[in-house]
Amino acid sequence: MSESAAIVLMMNNYLHDVATALLIASGYVMWVLWKNLKPEAGHDAIRYFVRMYYRITKLARFSFVWILLFGIPRVIFYKEFEWSNMAGRGQVPALIVKHIFAFTLVFVGASLWIKVRKKVRELEPRLETEYQ
């Protein structure tokens, strides 16, 4: 592998980790906003919540697509580029555990996101009626 290709792959791997962190963080932020929205919330609070939902959803979708697409080269070149000889074959079970944990986080996050989306769909008509 050329030095330039190695640098591109290294940056891909770092940005893949950043995308993972952004996906988790965006889910957590949306969950916090959802949990702190009171049933008696006023128009401004609801509008803010709905606006943040759509903006944070864009970030989460972008992060998720990045993880899927740019995870491919990471998998292909893992043994050549990231394999630790000191950890040896012991890193295979560690990677399995890591990915089980990651898939669990994504599944839980997606289910929470669906609940938040339902809440947004319930709140949007309130915004429309308050404008009329």
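The values are calculated or read from the model by the stated rules, or taken from the named source; none is laboratory data. Fair warning: this is a prediction, and the values are worked out from it, not measured in the lab. Cβ: placed from backbone, ideal geometry, glycine included. Neighbour counts: every protein chain shown.
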Lone unmet requirement of (1) within 30 Å of Leu37 (Cβ to Cβ); (2) surrounded by 14 or more Cβ atoms within 10 Å (Cβ to Cβ) for Val108: (2)
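Quick check on the range 27-50: of everything there that is outside any helix (DSSP H, G or I) and in contact with a Phe, Trp or Tyr (Cβ under 9 Å, 6 or more places away or on another chain), which residue is farthest from Ala110 (Cα to Cα)?
Start the filter on the range 27-50 by keeping residues that are outside any helix (DSSP H, G or I), which leaves 37-42.
Applying the additional criterion that residues be in contact with a Phe, Trp or Tyr (Cβ under 9 Å, 6 or more places away or on another chain) yields 37, 41.
On the way: Leu37: 19, Ala41: 25 Å.
It comes out as Ala41.
Looking at Ile56, is it among the β-branched types (Val, Ile, Thr) and surrounded by 11 or more Cβ atoms within 10 Å (Cβ to Cβ)?
So Ile56 fits the description; yes.
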field: Condition check for Pro93: part of a helix (DSSP H, G or I), at pLDDT 90 or above and either loosely packed, with under 10 Cβ neighbours inside 10 Å or not charged (D, E, K, R) (or both)
entry: yes
message: I'm trying to understand the selection: among the residues of the range 91-120, which are in contact (Cβ under 8 Å) with a residue 12 or more places away in the chain and basic (Lys, Arg)?
response: Lys115, Arg117, Lys119
